[in-house]
Amino acid sequence: MSTELTTVEKLSGLRWSISSNVANTVFVQYTFFGSIFVLFLSALGLSRSAMGLVLSFLPFFGLTALFVAPWVARIGYKRAYIIFFAARTVVALCLVFTPWVMNAYGSEATILYVGVVIALFAMVRSVGVTASFPWVQEYVPNSVRGKYTAINNIFTTGVGFLAVSGGSFMLARTTGLAGFMWLIGIGVVFGTISVGLAFKIPGGAPMPPHVEGEEDKSRRDLMTALRDRDFVFYLASVALIIIATVPIGSFLPLFLREEIGLSQSAVVWLQSGTLIGTLLSGYLWGWAADRYGSIPVSLYGMGMRALLPLIWMLMPRDGDTISFGIALFAALLQGVADMGWGIGSGRLLYVRIVPPEKRNDYMAVYYAWIGIIGGISQLSGGFLLDLFENLRFQIWIFHVDPFLPIFLMGLFLPFISFTLLRGVREEKSIGMGEFAGVFLRGNPFLAMSSMIRFHLAKDEHSTVLMTERLARAKSPLTVDELLEALEDPRFNVRFEAIISISRMMPEPRLIQALEKLLVGSELALTVVAAWALGRLGDMQAAPALHHALNSEYRSIRAHAARALGALGALGDATVANDLLARLHTEPDKGLQMAYASALGNLGNTEATNTVLHLLATIGNEGARLELALTLARLVGDEHHFIGLLRTVRSDPATATAQAISSYRRKLGRRVRRGSDQLRLADRCAEAMARNELVRGAHLLTELIRNRSERQFSEHGNLILSECARQLENEAELDDVNHHMEYLILALHTLQVDQRMRS
């Protein structure tokens with residue numbers, strides 16, 4: 001009886017799966033797949049259409065999946081895989097006898113012999129592959145499927161690189177079929193090792209016998225799969241990619257040798273470029289697929305794949321170093337593109353498309369379908385090459401040759417596939433623009449290095465430093481790590497995570513995590529979370545901050561109010577009215593300051609009188625300056641007020657004199673020359689310049705009271721009247737230096753309010 005594998009059992013078997021795949025890579029490279037086998041068929045004298053025919057056996061026998069899938073399920077996926085992949089290896093061994101057949105019976109019999117071996121190989125392999133699809137879906141956890149695929153490809157690619165390099169070395173130093181026979185023999189040895197390692201992979205048990213009264217899970221239901229819209233769209237998309245890429249993949253070695261002029265060993269060695277591209281990009285594609293979804297990874301891989309035919313069509317035809325360099329670059333790009341498409345589409349199939357309880361039927365249909373399409377694509381590729389054998393001319397920089405039709409298929413069909421795959425639904429997926437933005441926004445290199453170092457941090461201090469470094473990158477790549485730090489059991493890490501999040505560009509998940517903290521019980525973190533939401537400046541946080549105004553804790557209410565003010569113009573009168581009502585009734589000075597500051601940021605001029613009263617009753621110098629700034633914000637041009645404050649602090653006499661002179665120039669354009677207001681302004685500026693601040697304050701008070709109220713706003717007039725009253729009192733006490741904020745606020749209002757109204 002089969003039992004459900006635990007995640008621990010699945011994870012423990014992944015190393016054996018990867019080891020088996022690594023050994024199988026050598027078998028694949030040296031036998032029926034890759035450039036070596038295509039060159040082997042060419043050495044036997046097969047025409048291109050004949051090559052397409054025999055190569056089509058491999059995918060066409062995938063049709064057997066529809067018939068053997070129930071039997072495979074009954075005997076067990078693991079048992080079927082091992083039996084038939086072992087048989088596949090034995091059949092491959094028959095290729096070693098090819099030279100003997102040729103010597104004994106001639107070339108025609110040899111071609112027939114090789115064709116029969118390929119057919120037998122394809123038949124037994126198809127049964128093993130039919131078992132492998134549902135088995136792989138069973139023993140690889142979905143949570144790490146992308147990373148598993150990436151790590152698996154890193155190891156298989158590294159070994160593949162060595163295998164291809166060894167194959168190129170062998171073929172360069174042998175003649176005839178001898179080199180091919182040595183490579184096939186080595187491949188058979190590694191194929192045997194691969195089957196042996198597969199014994200250690202868990203799962204794949206026989207399907208339990210049907211018990212009367214229970215649902216019969218072995219019953220065939222292929223129509224359910226064919227009625228699945230996403231599955232059908234996926235199959236159509238995959239079919240177009242196969243038609244676009246398989247003929248090119250099969251006959252590209254011939255193109256590079258016959259049209260570009262590269263040597264046989266150079267053509268084989270170019271596979272190393274593809275393997276290097278796979279090795280460099282595999283883990284990144286897998287990580288991205290697990291984190292951001294399969295579809296964007298698939299689509300970008302597909303888009304990159306569509307660029308390759310252009311490179312091949314424009315490649316120089318002289319077989320020199322430049323041609324080889326361009327071919328190597330194209331091979332590198334092909335490795336990156338194929339890895340993106342392979343990881344994305346494979347993960348999409350296993351995680352999203354195929355229901356685990358129906359994997360037998362879905363996978364049988366899938367394998368049969370790609371077999372049909374793969375066989376047709378092989379036949380069509382060989383047919384087109386023979387059909388256009390005499391097609392040769394040049395248009396500008398484009399060389400037209402027999403390979404042009406399959407290159408055009410590779411160029412245009414991916415775009416149709418692109419449209420179909422976008423119609424497949426995936427729960428955890430982002431759009432292509434957003435996916436590109438993840439890698440283009442901020443500093444992706446700093447982000448990636450910081451993410452690695454964050455996960456390697458061994459103590460609290462190191463983790464805090466790495467959390468701060470995550471924010472420095474300002475990249476969406478680090479969002480998940482920041483969210484992880486936000487849930488760390490160490491307080492200092494969580495605190496640093498909030499600070500770091502505040503330095504990021506606004507991201508919905510980060511904002512939601514901070515909003516969750518607003519209703520938490522850790523006051524130290526809740527207060528900082530409210531501040532961080534204000535600093536992020538995203539309107540999405542406004543409702544949660546507004547709700548936090550009702551918290552039982554004054555510190556939270558104060559920071560929520562300030563954060564609402566920091567968000568700026570909310571466009572919601574309800575929030576401003578609520579803050580104004582609270583300002584009028586709140587007895588706590590700290591909360592009054594917070595509400596006033598928020599209303600100043602929101603530009604709510606109805607709060608002017610209340611803030612002026614609060615300014616008159618508070619003695620703390622820092623609080624008074626903040627309230628003066630609040631009133632200055634109601635007037636407008638906060639920057640002007642801050643600049644004036646700084647210059648007055650460093651040189652009060654010069655700064656105030658210049659401010660009054662500036663107001664006098666504007667006043668001169670509105671009143672007639674020699675008027676009392678202009679004379680007052682001149683006397684005031686002169687007194688201030690001589691550092692006679694008390695006398696200057698008296699004159700400024702008189703200047704304000706002689707102003708034309710029509711030239712100022714209603715709240716501007718309120719502020720100026722209160723400033724005049726306070727300056728007069730302080731001037732009488734010779735205490736102007738003690739409360740300079742009224743002097744600065746008055747000068748700011750005289751200059752800015754009039755300008756704003758004009």
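Brief remarks on what is shown
- The shape of the range 117-274 comes out prolate: with a ≥ b ≥ c from the C-alpha gyration tensor, a/c is at least 1.5 and a/b beats b/c.
- Computed from Cα atoms, the angle from the helix 740-757 axis to the main principal axis of the chain rounds to 70 degrees.
- Per-residue [θ]222 nm for the chain (sum of -39500 (n - 2.57) over DSSP H runs n ≥ 4, rounded to 500): -24500 deg cm²/dmol
- Computed from Cα atoms, the angle from the helix 321-347 axis to the main principal axis of the chain rounds to 80 degrees.
- Summarising the overall dimensions of the range 48-207 from its C-alpha atoms, the Rg and Dmax are 17.8, 56 angstrom.
- Compactness index (Cα Rg / 2.2 N^0.38 Å), the range 236-315: 1.27
- Carbon and sulfur %, accessible surface of the chain computed with the full protein complex present, 1.4 Å: 60
- For the chain, the solvent-accessible area works out to 44 Å² per residue, with a probe of 1.4 Å and every protein chain left in place.
- Remark: the range 546-551, residue by residue, has Karplus-estimated 3J(HN,Hα) of 4, 5, 5, 5, 9, 4 Hz, where x stands for each Gly or Pro and the curve is 6.51 cos²θ - 1.76 cosθ + 1.60 at θ = phi - 60°.
- Sorting the segments 149-160, 62-73, 292-303, 518-529 by their mean number of nearby beta carbons within 10 angstrom, highest to lowest, gives 292-303, 149-160, 62-73, 518-529.
- Out of every Cα-Cα pair that the chain contains, those further apart than 35 angstrom amount to 61 percent.
- Listed by chain and number, the lysines placed with their C-alpha closer than 21 angstrom to that of LYS147 are LYS10, LYS200, LYS428; residues fewer than eight positions away on the same chain are left out.
- Rounded tilt (10° steps) of 621-635 against the dominant C-alpha axis of the chain: 80
- Distance between the modelled labels on HIS639 and PHE445, one decimal in nanometres: 3.3 nm (7 Å Cα→Cβ projection).
- For LYS458, no lysines have a Cα closer than 20 Å to its Cα, not counting residues fewer than 8 places off in the same chain.
- Beyond 31 Å in Cα-Cα separation lie the following of the pairs LYS474/LYS589; LYS589/LYS666; LYS516/LYS589: LYS474/LYS589; LYS589/LYS666.
The values are calculated or read from the model by the stated rules, or taken from the named source; none is laboratory data. None of these values were measured; they are calculated from a predicted model. Note: ideal-geometry Cβ built from the backbone for every residue, glycine included; neighbour counts use all protein chains shown. Keep in mind that these areas ignore ligands, DNA and RNA; they rest on the heavy atoms of the full protein, side chains included. Shrake-Rupley method; radii C 1.70, N 1.55, O 1.52, S 1.80 Å.
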